[in-house]
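The structure under discussion appears below in the form of structure tokens.
The values are calculated or read from the model by the stated rules, or taken from the named source; none is laboratory data. Since the model is a prediction, treat every value here as computed from it, not as a measurement. Because the Cβ atoms are built from the backbone with ideal geometry, glycine has one as well, and the counts that use them run over all protein chains shown. Side chains are part of the model used for accessible areas, which takes the heavy atoms of the whole protein and leaves out ligands, DNA and RNA. Shrake-Rupley method; radii C 1.70, N 1.55, O 1.52, S 1.80 Å.
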Amino acid sequence: MPQGVPENVPADGLTTRQRRNQPVLAVHTGPGKGKSTAAFGMALRAWNQGFDVGVFQFVKSAKWKVGEEAAFRALGELHTTGGVGGAVEWHKMGEGWSWTRKHGTEEDHAAAAAEGWQEIARRLAAETHRFYVLDEFTYPLKWGWVDTEEVVEVLRTRPGNQHVVITGRDAPQALIDAADLVTEMTKIKHPMDAGRKGQRGIEW
């Protein structure tokens, strides 16, 4: 796709503008590093365009403080106080999901993941956000905590112009088939191969 020009233009009856403005379902999968990082980069662009951003982390511990969370919370505050960019919501399963007002660790992770997905489905139906990051959502699908067919159907029929990015290894084939953009991160080399642990500014 040199210079952003599509190699093939489908005979779908849509204008260039209509085709360009269709909502995108993106999947970042594969064993390599950078899946979530890439998704948050897209979210940053969405925020800059004034899109309402919703982030839902399905696996990371509530105690794990990622740098992107601090940055996006600051950007959300900037929007609230100065009208810059878009609104931001950030939710983590390990906190019991903020809308349930629970504290501590959710013992039944499968139930928590299912609850998180149902809330996202409700938000998609209500067009609550313009841009969604479902971080590490492939794992609840892989483990059978959330029904993949239901997820695909909800995403395929979501109303309006809501963009969704899903991250995690081993994305199910049905999700890949439904997506508009699929990127596989392939590990060529990693510091851990040389016995080096994650470090500040790189992993968090």
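Brief remarks on what is shown
Residue by residue, here is whether (1) among the hydroxyl-bearing types (S, T, Y); (2) in contact with a helix residue (DSSP H, G or I) (Cβ under 8 Å, 6 or more places away or on another chain); (3) farther than 15 Å from F40 by Cβ holds:
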residue	(1), (2), (3)
E136	no, yes, no
P140	no, yes, yes
N161	no, no, yes
A178	no, yes, yes
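- Residues in region 65-86 that are of a type in the set (D, E) and either modelled with pLDDT under 90 or surrounded by 14 or more Cβ atoms within 10 Å (Cβ to Cβ) (or both): E68, E69.
- Test result for Q18, under 25 Å from T157 (Cβ atoms), among the polar types (S, T, N, Q), over 17 Å from the mean Cα position of the chain (by Cα) and in a helix (DSSP H, G or I): yes
- Pairs linking a residue in region 84-96 that is touching a residue at least 40 places away in the same chain (Cβ under 8 Å) to a residue that is basic (K, R) and not in a helix (DSSP H, G or I), with Cβ atoms under 9 Å and 6 or more positions apart or on different chains, are G86/R130.
- Inter-residue pairs, beta-carbon under 7 Å, first under 19 Å from G67 (Cβ atoms) and in region 188-204, second hydrophobic (A, V, I, L, M, F, W, C) and surrounded by 11 or more Cβ atoms within 10 Å (Cβ to Cβ), 6+ apart: W204/V66
- Applying the criterion of at least 1 residues that are within 12 Å of L25 (Cα to Cα), at pLDDT 95 or above and open to solvent by less than 60 Å² (accessible area, probe 1.4 Å) to the helices (runs of 4 or more DSSP H) found wholly in region 124-204 leaves 148-156, 173-178.
- Residue-level analysis places E89 among those that are closer than 20 Å to E69 by Cα, open to solvent by 30 Å² or more (accessible area, probe 1.4 Å), at pLDDT 95 or above and not aliphatic (A, V, I, L, M).
- Any hit, region 92-99, residues being part of a strand (DSSP E or B), surrounded by 18 or more Cβ atoms within 10 Å (Cβ to Cβ) and out of contact with any helix residue (DSSP H, G or I) (no Cβ under 7 Å at 6 or more places or on another chain): yes
- Among the residues of region 21-36, the one identified as part of a helix (DSSP H, G or I) and in contact with a helix residue (DSSP H, G or I) (Cβ under 8 Å, 6 or more places away or on another chain) is S36.
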